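Worksheet for the structure shown next.
The values are calculated or read from the model by the stated rules, or taken from the named source; none is laboratory data. These figures come from a predicted structure and were not determined experimentally. So basically every Cβ, Gly included, is an ideal-geometry build from the backbone, and we count neighbours across all protein chains shown. Side chains included, ligands, DNA and RNA excluded: accessible areas come from the protein's heavy atoms. Shrake-Rupley method; radii C 1.70, N 1.55, O 1.52, S 1.80 Å.
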Amino acid sequence: MEPSPATQVTCCIAGCGPAGAVLGLLLARSGVDVLVLEKHGDFLRDFRGDTLHPSTLRLFDELGLAERLLAVPHQEAPVLPVSTDAGDLILADFRRLPGRFRFLAFMPQWDFLDFVVGQARRLPGFELRMRAEALGVLEEGGRVVGLTWHDPDGQPHQVRARLTVAADGRDSRLRRAAGLRPTVFGAPIDVLWFRLPRRPTDELATFGRLAAGHLLVLIDRGHYWQVAYVIPKGSADELRGHGLDRLRASVAELVPFLADRVDALESWDDVRTLRVQVDRLRRWFRPGLLCIGDAAHAMSPIGGVGINLAVHDAVATANLLARPLRDGTLSSWHLARVQLRRLLPTVVTQGVQRTIQRRFVFPLLAGRLSTTGPPAALRLLGRSPSLQGLTARAIGIGILPEHVRSPSSPALAGPVRPPGRA
Ligand SMILES: Cc1cc2nc3c(=O)[nH]c(=O)nc-3n(C[C@H](O)[C@H](O)[C@H](O)COP(=O)(O)OP(=O)(O)OC[C@H]3O[C@@H](n4cnc5c(N)ncnc54)[C@H](O)[C@@H]3O)c2cc1C
């Protein structure tokens, strides 16, 4: 089929996950016309990251949107408790953080994305096309000048843009089409995700469960528990071979109050295997093209920081690029500044995640780490409220958190509060 005549926009973003949606909102708010393409028909995909950290809530506060965002149903976790065979301890205490947001908010990602897109759609420069799959890049003289996409009928289209953004996740097609290849660091774990009913009488909120050979995280989703059952990399098929009863029995043994409802897992169709992947691009850009979020750096689920890094990438991108995009002065130097700004938080966070995976999670799963006497570092953490405050800061705020500095077009959204007033 012949492509229809090319559309012209200032910025075209492939992928409407947390990175693409927030970047679309911020650029439109700055008066940049932006087209976001999302290959799915809705955001209703289960088992995605669901945590909004204090630094991300603060960004929405700076946009004057925190109250409206927190009016969306969610659960708040002021502490992250962990249960071991030797007793319970607190890994992170968000109540010790400065500012208004002293908790992790657990909000289904589809609700979060609906909210962001709902705000963006109020802005005249924002357009979102669903069921629009980006296929490749348009190039002229070594510069990316837009992308190609197809609609659900397979009709090809072209968009020409001053800037093309790959925010299409960790298997980014656009990144591949642009010839950018990430360095893969590997990960020794995968995660089985499933739901179990949560009863009003269940006293616990979100918590982790450690035992020799096992690591589970149970996320309180109101009427159900979302369970992350961490397994050694590549062992999902072997586990399936043992039968579902073995998984049910393991969950019931590790978390006895779930024993009366593990039968809610009726078949393996109720259990998803999520491949954990940690990688990073050496160069996040080419002339005319920038990768952000998982497309630039796939994160491990440890710490649940992936959404937050993706959102902060989007904020840094808007801070540094909105003006040159609007003025038509965008150059590769501006794109390099985005990478420079976001590299340190990414490298350090991935480094910490990889160390925890290698030194703690994998030995635990291999049964080489006993939790009848938790490792000294955990015992120390459990005894020290100040350390629990530090881990809360590392998880909830992270390194070099962004603030919204991109201009707000006077005709558009309300004023941005200066940083520090949260
Ligand atoms: C097991 C697991 C658990 C996790 N748990 C958490 C957690 O609790 N908290 C947390 O913060 N993070 C978590 N993460 C990580 C988090 O989900 C990601 O880091 C985050 O979603 C990245 O956002 P993104 O916008 O960059 O990419 P994505 O969320 O992957 O969004 C990319 C979007 O692009 C779309 N797309 C893909 N290809 C195309 C195309 N060709 N054309 C158009 N659209 C396209 C996709 O449909 C998707 O909507 C977890 C990850 C894993 C693997």
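Just give me the residues in the range 75-86 being touching a Gly at 6+ places or on another chain (Cβ under 8 Å) and either within 20 Å of PRO256 (Cα to Cα) or modelled with pLDDT of 95 or more (or both), in sequence order.
The first filter runs over the range 75-86 and keeps only residues touching a Gly at 6+ places or on another chain (Cβ under 8 Å), leaving 75, 80-83, 86.
If the condition is that a residue be touching a Gly at 6+ places or on another chain (Cβ under 8 Å) and either within 20 Å of PRO256 (Cα to Cα) or modelled with pLDDT of 95 or more (or both), then LEU80, PRO81, VAL82, SER83, ALA86 are the ones that fit.
Here is a list: GLU62, GLU67. Which entry is without any contact (Cβ under 8 Å) to a residue 24 or more places away in the chain and either open to solvent by less than 10 Å² (accessible area, probe 1.4 Å) or more than 16 Å from the ligand (Cβ to nearest atom) (or both)? Working first, answer last.
Working: GLU62 fails: without any contact (Cβ under 8 Å) to a residue 24 or more places away in the chain.
Answer to the check: GLU67.
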Original post:
Which number in (1) away from the ligand (no atom under 16 Å from the Cβ); (2) open to solvent by 10 Å² or more (accessible area, probe 1.4 Å); (3) out of contact with any His (no Cβ under 8 Å at 6 or more places or on another chain) marks the one condition that LEU254 misses?
Top reply: (3)
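Would you point out the residue of the range 127-163, among those that are open to solvent by 60 Å² or more (accessible area, probe 1.4 Å) and not charged (D, E, K, R), that is farthest from the ligand (Cβ to nearest atom)? Let's see the steps before the verdict.
Filtering the range 127-163 for residues open to solvent by 60 Å² or more (accessible area, probe 1.4 Å) gives 127, 129, 131, 139-141, 143, 152-153, 160, 162.
Now restrict to residues that are not charged (D, E, K, R): 141, 152.
Working: GLY141: 24, PRO152: 12 Å.
Only one residue tops the list, namely GLY141.
Evaluate the range 274-284: report whether one residue or more is in contact with a Cys (Cβ under 7 Å, 6 or more places away or on another chain) and surrounded by 23 or more Cβ atoms within 10 Å (Cβ to Cβ).
Within the range 274-284, the first condition is being in contact with a Cys (Cβ under 7 Å, 6 or more places away or on another chain), and the residues that meet it are 281, 284.
Narrowing further to those that are surrounded by 23 or more Cβ atoms within 10 Å (Cβ to Cβ): 284.
Scanning the range 274-284, I find at least one residue that is in contact with a Cys (Cβ under 7 Å, 6 or more places away or on another chain) and surrounded by 23 or more Cβ atoms within 10 Å (Cβ to Cβ), so the answer is yes.
Residues in the range 164-198 that are without any contact (Cβ under 8 Å) to a residue 40 or more places away in the chain, open to solvent by 50 Å² or more (accessible area, probe 1.4 Å) and basic (Lys, Arg): how many? Can you show your working first?
Here is the first cut: in the range 164-198, the ones without any contact (Cβ under 8 Å) to a residue 40 or more places away in the chain are 171, 176, 198.
The next check asks that each one be open to solvent by 50 Å² or more (accessible area, probe 1.4 Å); those that pass are 171, 176.
With the extra rule that they be basic (Lys, Arg), the set shrinks to 176.
The qualifying residues number 1.
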**OP:** Name the strands (runs of 3 or more DSSP E) wholly inside the range 200-299 in which the number of residues that are among the acidic types (Asp, Glu) is 1 or more.
**Re:** 214-220, 279-281
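Look through the range 93-109, keep the residues that are outside any loop (DSSP other than H, G, I, E, B) and at pLDDT below 95, and return whichever of them is farthest from ILE395 (Cα to Cα). First the steps, then the outcome.
Initially, the range 93-109 is screened for residues outside any loop (DSSP other than H, G, I, E, B), giving 93-96, 104-106, 109.
Among the residues that remain, those that are also at pLDDT below 95 are: 106, 109.
Working: PHE106: 14, GLN109: 18 Å.
Going through the qualifying residues, I end up with GLN109.
Looking only at the range 27-56, how many residues end up being among the hydrophobic types (A, V, I, L, M, F, W, C), within 14 Å of the ligand (Cβ to nearest atom) and either more than 22 Å from LEU104 (Cα to Cα) or surrounded by fewer than 24 Cβ atoms within 10 Å (Cβ to Cβ) (or both)? Spell out the reasoning first.
Step one: filter the range 27-56 for residues among the hydrophobic types (A, V, I, L, M, F, W, C), giving 27-28, 32, 34-37, 43-44, 47, 52.
After this cut, where a residue has to be within 14 Å of the ligand (Cβ to nearest atom) as well, the list is 35-37, 43-44, 47, 52.
This time we only want the ones that are either more than 22 Å from LEU104 (Cα to Cα) or surrounded by fewer than 24 Cβ atoms within 10 Å (Cβ to Cβ) (or both), so: 35-37, 43-44, 47.
Residues meeting the conditions: 6.
Quick one: in the range 23-45, which of the residues that are aliphatic (A, V, I, L, M) and not in a strand (DSSP E or B) is farthest from the chain's Cα centre (by Cα)?
Residues of the range 23-45 aliphatic (A, V, I, L, M): 23, 25-28, 32, 34-37, 44.
Okay, now just the ones that are also not in a strand (DSSP E or B), so 23, 25-28, 32, 44.
Values: LEU23: 14, LEU25: 17, LEU26: 18, LEU27: 20, ALA28: 22, VAL32: 25, LEU44: 15 Å.
Among those residues, the one meeting the criterion is VAL32.
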Original post:
Would the range 42-52 turn up any residue that is within 23 Å of PRO301 (Cβ to Cβ), out of contact with any Leu (no Cβ under 7 Å at 6 or more places or on another chain), of a type in the set (Lys, Arg) and modelled with pLDDT of 95 or more?
Top reply: no
Subject >> Within the range 263-311, tally of residues that are within 7 Å of the ligand (Cβ to nearest atom), at pLDDT 95 or above and at positive phi >> reply: 1
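From the list GLY99, GLY20, exactly one residue is open to solvent by 10 Å² or more (accessible area, probe 1.4 Å) and either away from the ligand (no atom under 13 Å from the Cβ) or under 18 Å from the mean Cα position of the chain (by Cα) (or both). Which is it? Steps first, please.
Numbers: GLY20 fails: open to solvent by 10 Å² or more (accessible area, probe 1.4 Å).
Only one candidate passes the filter, namely GLY99.
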**OP:** Could you list, in sequence order, all residues of the range 1-17 that are assigned to a loop (DSSP other than H, G, I, E, B) and either near the ligand (Cβ under 7 Å from one of its atoms) or under 24 Å from LEU325 (Cβ atoms) (or both)?
**Re:** PRO5, ALA6, GLY15, CYS16, GLY17
**OP:** Just need a number here: residues in the range 218-251 that are within 16 Å of the ligand (Cβ to nearest atom), closer than 17 Å to LEU365 by Cβ and β-branched (Val, Ile, Thr).
**Re:** 3
**OP:** Check the range 305-315 and report whether any residue there is surrounded by fewer than 21 Cβ atoms within 10 Å (Cβ to Cβ) and touching a helix residue (DSSP H, G or I) at 6+ places or on another chain (Cβ under 7 Å).
**Re:** no
Original post:
Going through the range 312-364 one residue at a time, which ones are touching a strand residue (DSSP E or B) at 6+ places or on another chain (Cβ under 8 Å), more than 19 Å from THR183 (Cα to Cα) and of a type in the set (Gly, Ala, Ser)?
Top reply: GLY328, SER332
**OP:** Give me the pairs, please: first residue somewhere in the range 308-329 and free of Cβ contacts under 8 Å to residues at least 60 places away in the same chain, second residue anywhere and part of a helix (DSSP H, G or I) and open to solvent by 20 Å² or more (accessible area, probe 1.4 Å), beta-carbon distance under 7 Å, and either six or more positions apart or on two chains.
**Re:** LEU320/HIS334; LEU320/ARG337; LEU320/ARG341; PRO324/HIS334
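Quick check: is even one residue across the range 210-223 surrounded by fewer than 17 Cβ atoms within 10 Å (Cβ to Cβ) and within 18 Å of ALA86 (Cα to Cα)?
In the first step, residues of the range 210-223 are kept if they are surrounded by fewer than 17 Cβ atoms within 10 Å (Cβ to Cβ); the result is 212-213, 222-223.
Now narrow it down to the ones that are within 18 Å of ALA86 (Cα to Cα): 212-213.
Yes, that holds for at least one residue.
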